[in-house]
């Protein structure tokens, strides 16, 4: 049971009442209040105010969903009814927001809704892949197996995504360090050189004077620099959220040097893994392609997949529909073709996903090996320029003193 705080009006006296009520969900709480002759105007989980589901949805991790699916699969496989299994799993959930959502799902299921439909009312937590696999499992009577496949698929997807993010973290950290060194040298060391030249009534070399101008700008107008960076990040993010911006950004990810190949393999692994999981659960091919198109999370691959789905609908084989398409690496249609000939497309897509996941590991190692010397060269150039800006004027003064 969860404790809700509510504000309600007594339908008989018109009095406003603020109190607490225990219930499984917000809907259950509202029903209890209505039975007592109260008209609720606000209901929220105790300790939170309004819109708890919206504010917490984004904090529910892939690990939470994987654990939920795996535990539920085990209980259903042991012969427990669905609602009892859901209640048992809910008692073990530590995330309050996730626990509240499962309470909502339990109420829907007890009210007669299909499990997949109840999950579908929380799309930010349970995506289309999750709900489609559950629906297929319900229809075929293999819900426990479907949930186990969901857990495996989401676990692998999260693992691959984590590795890709890890490959991007190192260069970002190095670049931040380089930026920090530049700012320190500009704002701390160079001004001392300027003071020395002013005392001697000498003019600064061009490179030093240029860097000092940058130093003054940063020192005096640091707030403007932060404002420009913040505004730039905000507008870039807003642009990426538009349809046109998404096309540009997704194209950039697959064409940027060094990382482009990494993202292509990520999308192929995701396409193959999601497709294999859906088809092995009994989802029809056209439905599988529609769901997979969104799951890949790249608009160019999405469009190519939907166009291929139209060709499949017209009678073409899946392998033929995606062959010679720049958005698909050549191994994908080749492996699917073998699956079509052997009648085991799901198994061949699973092997394709495993291949590209292994390739991602190798790619990440290659990037780590390649990017280190590149970043060292960049760091050396930056440090050399900064040291030159400081030492050139110093050596100039020493040379003048020797000449005198």
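The values are calculated or read from the model by the stated rules, or taken from the named source; none is laboratory data. Everything numeric in this text was worked out from a predicted model, so none of it was measured. Quick reminder, even Gly has a Cβ in these numbers, built from the backbone with ideal geometry, and neighbours come from all protein chains shown.
A quick yes/no check of all residues on (1) touching a residue at least 12 places away in the same chain (Cβ under 8 Å); (2) over 27 Å from residue 288 (Cα atoms); (3) in contact with a helix residue (DSSP H, G or I) (Cβ under 7 Å, 6 or more places away or on another chain):
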position: 71; (1), (2), (3): yes, no, yes
position: 94; (1), (2), (3): no, yes, no
position: 103; (1), (2), (3): yes, yes, yes
position: 123; (1), (2), (3): no, no, no
position: 129; (1), (2), (3): yes, no, yes
position: 133; (1), (2), (3): yes, no, yes
position: 139; (1), (2), (3): yes, no, no
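Could you tell me which residue of region 190-204 is nearest to residue 220 (Cα to Cα), considering only residues that are surrounded by fewer than 15 Cβ atoms within 10 Å (Cβ to Cβ) and touching a residue at least 40 places away in the same chain (Cβ under 8 Å)?
196
Taking only region 353-372 into account, find how many residues are in contact (Cβ under 8 Å) with a residue 24 or more places away in the chain and under 23 Å from the mean Cα position of the chain (by Cα).
11
Within region 205-238, can you find the residues that are surrounded by 12 or more Cβ atoms within 10 Å (Cβ to Cβ), within 34 Å of the chain's Cα centre (by Cα) and either more than 13 Å from residue 190 (Cα to Cα) or modelled with pLDDT of 90 or more (or both)?
Scanning region 205-238 gives 222, 225, 236.
Restrict the check to region 337-351 and report whether at least one residue is surrounded by fewer than 16 Cβ atoms within 10 Å (Cβ to Cβ), touching a helix residue (DSSP H, G or I) at 6+ places or on another chain (Cβ under 9 Å) and under 24 Å from residue 251 (Cα atoms).
Looking through region 337-351, none of the residues is surrounded by fewer than 16 Cβ atoms within 10 Å (Cβ to Cβ), touching a helix residue (DSSP H, G or I) at 6+ places or on another chain (Cβ under 9 Å) and under 24 Å from residue 251 (Cα atoms).
Take the conditions more than 18 Å from residue 91 (Cα to Cα), touching a helix residue (DSSP H, G or I) at 6+ places or on another chain (Cβ under 6 Å) and at pLDDT 80 or above and apply them to residue 62. Does it pass?
Answer is yes for this residue.
Given the condition closer than 30 Å to residue 145 by Cβ and without any contact (Cβ under 8 Å) to a residue 24 or more places away in the chain, answer yes or no: does some residue in region 265-288 qualify?
So far as region 265-288 goes, yes, one or more of its residues are closer than 30 Å to residue 145 by Cβ and without any contact (Cβ under 8 Å) to a residue 24 or more places away in the chain.
Matching residues to (1) over 26 Å from the mean Cα position of the chain (by Cα); (2) in the same structural domain as residue 275 (by TED's automatic domain parsing); (3) at positive phi:
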| site | (1), (2), (3) |
| --- | --- |
| 305 | no, yes, no |
| 320 | yes, yes, no |
| 324 | yes, yes, yes |
| 328 | no, yes, no |
| 334 | yes, yes, no |
| 340 | yes, yes, no |
| 347 | yes, yes, no |
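Is at least one residue of region 170-181 over 30 Å from residue 361 (Cβ atoms), touching a residue at least 12 places away in the same chain (Cβ under 8 Å) and not assigned by TED's automatic domain parsing to the domain that holds residue 130?
The answer is yes; a qualifying residue exists.
Does at least one position in region 302-310 carry a residue that is at pLDDT 90 or above and over 28 Å from residue 135 (Cα atoms)?
No, region 302-310 contains no residue that is at pLDDT 90 or above and over 28 Å from residue 135 (Cα atoms).
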